[in-house]
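Student: Quick one: the structure is below, questions incoming.
Where a number appears in this text, it was derived from the coordinates with a stated rule and is not lab data. The model shown is predicted, which means the values in this text are computed figures rather than measured ones. Cβ placement follows ideal geometry from the backbone for every residue including glycine, while neighbour counts extend to all protein chains displayed.
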Amino acid sequence: MQRDSELGLTHWQVSIDSQGILWAACDRDGESTNVLSEPLLKELEAIVAHAETTQPKGLVIKSAKPGSFILGADIKEFDHYTEAEEVEKKILEVHEIFARLENLKCPTVATVHGFCLGGGLELAMACDYLIAMNVPETRLGLPEVKLGIFPAFGGTVRLTERAGGFEGIQLILTGRMLRAPAARKLGVVDELVDEFGNLDWAARRAITKGRKKRLAKGKAALTNRKPIRMGLASIIRRKTADKVNPEHYPAPFKVIDLWEEHRDNRQRMFKAEAREASQLMVGDVSKNLRRIFFLTERMKGLGKASDFKVKRVHVVGAGVMGGDIAAWCVVQGFEVTLQDREMKYIEPALKRANSLFKKRLKQRPAVVAAAGRLKADVNGDGVARADVVIEAIYEDADAKRALYAELEPKMGEHAILATNTSALPLEELSKELKNPERLIGLHFFNPVAKMPLVEVIHGKNTHDGWVTKGCAFCSAINRFPLPTKSSPGFLVNRVLAPYLMEAITMHLEGFSIEALDASAIRFGMPMGPIELADVVGLDVCMKVAETLAEGDVSAQRELLQSMIDKNHLGKKTGQGFYQWEKGRADREKRDLNSPYGDEIAERLMKPFLEECQAASKDGIVADDDLLDAGIIFGTGFAPFTGGPMHYLANENA
């Protein structure tokens, strides 16, 4: 190939081969991955203009970055604009570039290897033909809804054309990432190349044969037709409202409206997409969700501050938490040994782990391989080889210290020693260790496979290097690390304690459990406090009442004890405040629109928010930004608010 130097590009590598095919490889300068920044898009416009003038035999758009195509638009640029009119103008400029690409006289092909998300997928779909490498790391999707917007570079139009209206809208609403075969099945991808194939060769063949994209046919195409589309839109809107409140998250409902009203006219839908998306982008919800995105990036960065490598994990305690921590580490690819007093205590954990493997890994070879990486270890032989040793036994300081006395001499000098305690101070647990600065807390939340946060607890004696290693381990198992000061309840449980106690207090005063939960959900919580108590376990709530609750909670403890005596512990026994069937609470229909619910929510959230302020004052985490991130990912606190401290600041502004 000959490099085309006429264009003077910084973010693209452009060359033309002996067959007259123009190759444009996206290579954002100074970055390890590609995002569609304004300068990069301007250069794409120059490439398209060059193709319009020179009329090559074909144009191939690819990535020069290893392992990824384009991850979407540059989110950092979103905050440059405060007026919807400015945003709409910029979006329409991108529409024009993609339209010119789509209308080139020569065949155009996009080749994808790795992540192809958001604006990257919208760019690829503007080409005549989309080829993807069929390897596990290839993922395609439009995740914009997670940022409070929807695809705005033509994605609502081109995806519904390719996949059909129903499937296309579902992908946009969920923000789900597809593996290459699933994307091919839905029509998002036109051709797959296996891992031993050659994307460039496949692209060259597609151009010489003039291959074109597949548009939806049959039933998929009919879902875009007006009579069917109107009915489907109504159903999708209702089901979406069952999951999210349109007052909290307007984007999903806006995109349903967009599809319903404008799918009959392609150009009108492009214009409406730009107009509606620009309004969302300058709104508070999108600003707050972008804030959360950057906080997650910051937390991921905490895990990159160390080059600590993990291959083997040893977990002591095969109860619900210990067993599930072990299983999760296996799912993430590590070898894990699981220790308890007798094999009979480990067997239930192995059974639960196998269920998780089937659910997460799906393919039988992967499930079998995972089962082989999890080994029962009654004698604790895995301690000496482990890079991380996690203690997850019952909450008794003497028992934990006795265990550490056995573990410490066997451990490698490089290995982390961690406790999953939910309340006990590290200073108390580490005082008999030879190296007390080594002990950290790794406080997971239940259910381990769903909760994305791990509090990395440090005490007065803890050396910073071990905290950094703990953060690296959390990132390695796909969890957000939150360095947290050792204090009663740490951060998350400290904040939840008064919230749960207030809910139980209000229930004792006569408020129904359905009204309490509905009010919290209306505020923006993912579930109500009563249902949360059932999920956490009423025996655990009793410990919270005993150790963290302030004031007279004798009535609350009496209620909890009466339920515990009946073995009504919540979800895990099938009966708590609610009756549980197949993992779901059996409850009366909630009235989420009751104005009275706002008054209940205000009272419920008051102790929650006050405790956040107290934790901030006590410096439990480094700053209020991390406090917001920890509370959102540890409790599910309404993300659309930007976090409790951000919410309070805006309320008081």
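Student: Based on other C-beta atoms within 10 Å, arrange Trp201, Trp259, Trp328, Trp580 from fewest to most.
Tutor: Trp201, Trp580, Trp328, Trp259
Student: Multiplying the sequence separation of Ser355 and Lys606 by 0.36 nm and subtracting their Cα-Cα distance, what value in nm do you get? Intermediate values should be presented prior to the final figure.
Tutor: Working: separation 251, 0.36 × 251 = 90.36 nm, distance 3.94 nm.
Difference between extended and current length: 86.4 nm.
Student: Stretched out fully, how many nm does the piece from Arg584 to Ile75 gain, at 0.36 nm a residue minus the Cα gap?
Tutor: Values: separation 509, 0.36 × 509 = 183.24 nm, distance 3.70 nm.
Residue separation times 0.36 nm, minus the Cα-Cα distance, leaves 179.5 nm.
Student: Treating only the Cβ atoms of Lys and Arg (+1) and Asp and Glu (-1) as charged, compute the dipole magnitude of the chain about its Cα centre; round to the nearest 20 debye. Walk me through the intermediate numbers first.
Tutor: Values: 88 positive and 90 negative charges, 677 e Å.
I would put it at about 3260 debye.
Student: Here's something else I'd like to know. Using r as the Cβ-Cβ distance of Ser234 and Arg268, and R0 as 22 Å, what FRET efficiency do you calculate, to the nearest 0.05? Please list the in-between numbers first.
Tutor: On the way: r = 21 Å, r/R0 = 0.95.
So, using R0 = 22 Å, E works out to roughly 0.55.
Student: Which lysines, if any, have their Cα less than 18 Å from the Cα of Lys217, not counting same-chain residues under 8 positions apart?
Tutor: In chain and number order, the partners are Lys185, Lys226.
Student: Can you bin the range 303-489 into rounded, prolate or oblate? Criterion: square roots of the alpha carbon gyration tensor eigenvalues sorted a ≥ b ≥ c, rounded for a/c under 1.5, prolate for a/b above b/c, oblate for the rest.
Tutor: Working: a/c = 1.66, a/b = 1.38, b/c = 1.20.
Prolate, because a/c is 1.5 or more and a/b exceeds b/c.
Student: Also, I was wondering about something else. When only alpha-carbon atoms are used, what values of Rg and Dmax, in angstrom, describe the chain?
Tutor: 27.1, 84
Student: How large is the dipole of the range 303-489 about the Cα centre if only Lys and Arg carry +1 and Asp and Glu carry -1, each at its Cβ, rounded to the nearest 20 debye?
Tutor: Numbers: 27 positive and 22 negative charges, 211 e Å.
In total the dipole reaches around 1020 debye.
Student: Using Cα pairs under 8 angstrom and six or more residues apart, how large is the relative contact order of the range 215-286, in percent? Write down the numbers at each step before the final one.
Tutor: Details: 35 pairs, mean separation 19.6, N = 72.
Across the range 215-286, relative contact order equals 27 percent.
Student: Now, a different point. Straight-line reach from Lys90: which lysines fall under 16 Å, measuring Cα to Cα and dropping same-chain residues less than 8 apart?
Tutor: Within the straight-line cut-off, Lys90 pairs with Lys42, Lys76, Lys271.
Student: When only DSSP loop residues count, what trypsin sites (Lys or Arg not before Pro) in the range 49-132 have their Cβ near at most 14 other Cβ atoms within 10 Å? Write down the numbers at each step before the final one.
Tutor: Numbers: sites: Lys57, Lys62, Lys76, Lys89, Lys90, Arg100, Lys105; in loops: Lys57, Lys105.
Those that pass, being in a loop and sparsely packed, are Lys105.
Student: Counting other beta carbons within 10 Å of each residue's own, what order do His443, His646, His248 fall into, fewest first?
Tutor: Numbers: His443 24, His646 19, His248 16.
So the ranking, lowest neighbour count to highest, is His248, His646, His443.
Student: Turning to a different aspect of this structure: Give the separation of the Cα centroids, the range 437-455 to the range 27-48, in Å.
Tutor: Centre-to-centre distance over Cα atoms comes out at 39 Å.
Student: Taking every DSSP beta bridge that has both residues in the range 1-106, what percent is antiparallel when rounded to the nearest 5? The partial results should precede the final answer.
Tutor: Values: 7 of 14 bridges.
Among the beta bridges of the range 1-106, antiparallel pairing accounts for roughly 50 percent.
Student: Looking at the range 303-489 only, what percent of DSSP beta bridges run antiparallel? Nearest 5 please.
Tutor: Working: 3 of 28 bridges.
Taking every DSSP beta bridge within the range 303-489, about 10 percent pair in antiparallel fashion.
Student: Further question on the same structure: Counting alpha carbon pairs within less than 8 Å and at least 6 residues apart, what relative contact order, in whole percent, applies to the range 298-414?
Tutor: Details: 170 pairs, mean separation 37.3, N = 117.
Reported as a whole number, the value is 32 percent.
Student: Among all the aspartates and glutamates, which ones have a C-alpha under 18 Å from Lys57's C-alpha, if same-chain residues fewer than 8 places away are not counted?
Tutor: Counting by Cα, and skipping residues close in sequence, Lys57 has these aspartates and glutamates nearby: Asp4, Asp17, Glu102, Asp128, Asp200.
Student: Just name one of Ala601, His314, Asn265: the one whose Cα is farthest towards the positive end of the charge dipole of the chain (beta-carbon charges, Lys/Arg +1, Asp/Glu -1).
Tutor: Of the candidates, Asn265 comes out farthest on the positive side.
Student: Determine the percent antiparallel among the DSSP beta bridges restricted to the chain, to the nearest 5.
Tutor: Values: 17 of 65 bridges.
So the antiparallel bridges in the chain amount to around 25 percent.
Student: Using only DSSP helix segments of four residues or longer, with each worth -39500 (n - 2.57), what per-residue ellipticity at 222 nm results for the chain after dividing by its residue count and rounding to 500? Can you show the working numbers first?
Tutor: Numbers: 26 runs with 319 residues, N = 653.
Result for the chain, helices only: -15500 deg cm²/dmol.
Student: Let me ask something else about it. In nm, to one decimal, how far is the modelled label at Glu297 from the one at Glu261, with both set 7 Å along Cα→Cβ?
Tutor: Result: 3.2 nm between the two label points.
Student: Given C-alpha coordinates of the range 190-307, what is the ratio Rg to Rh with the Kirkwood estimate of Rh?
Tutor: Working: Rg = 20.6 Å, Rh = 18.5 Å.
Checking Rg against Rh, the ratio lands at 1.11.
Student: What FRET efficiency, computed as 1/(1 + (r/R0)^6) with R0 = 22 Å and r the Cβ-Cβ distance, is obtained for Gln363 and Lys311, rounded to the nearest 0.05? If you can, show how the numbers build up before the last one.
Tutor: On the way: r = 23 Å, r/R0 = 1.04.
The computed FRET efficiency comes out at 0.45.
Student: Pairs of alpha-carbon atoms within less than 8 angstrom and 6+ residues apart define the contacts here; what relative contact order does the range 2-282 have, in percent? The partial results should precede the final answer.
Tutor: On the way: 541 pairs, mean separation 47.8, N = 281.
Relative contact order for the range 2-282 comes out at 17 percent.
Student: Where the centre of each part is set by its Cα atoms, how far does the range 165-244 sit from the range 519-547, in angstrom?
Tutor: Each part's Cα centre sits 40 Å from the other's.
Student: Please compare each pair in Lys450/Lys571; Lys351/Lys571; Lys311/Lys434; Lys304/Lys375 to a cut-off of 20 Å on the Cα-Cα distance and tell me which ones are over it.
Tutor: Numbers: Lys450/Lys571 16 Å; Lys351/Lys571 18 Å; Lys311/Lys434 25 Å; Lys304/Lys375 29 Å.
As for pairs spanning more than 20 Å Cα to Cα, those are Lys311/Lys434; Lys304/Lys375.
Student: Assign one of three labels to the range 478-591, namely rounded, prolate or oblate, based on the Cα gyration tensor with a ≥ b ≥ c the square roots of its eigenvalues; rounded applies when a/c is under 1.5, prolate when it is not and a/b is larger than b/c, and oblate otherwise. Mind showing how you got there, number by number?
Tutor: Working: a/c = 1.44, a/b = 1.22, b/c = 1.18.
Verdict is rounded for the range 478-591.
Student: Between Leu215 and Asp17, what FRET efficiency follows from the Cβ-Cβ distance if R0 is 35 Å, with the result rounded to 0.05? Provide the component values of the computation, followed by the final result.
Tutor: Working: r = 29 Å, r/R0 = 0.84.
Once the sixth-power term is evaluated, E becomes 0.75.
Student: Find how much the distance from Asp618 to Ser562 grows on full extension, using 0.36 nm per residue of separation minus their present alpha carbon separation; answer in nm with one decimal. Write out the running numbers ahead of the final one.
Tutor: Numbers: separation 56, 0.36 × 56 = 20.16 nm, distance 3.52 nm.
Working it through step by step, the gained length comes to 16.6 nm.
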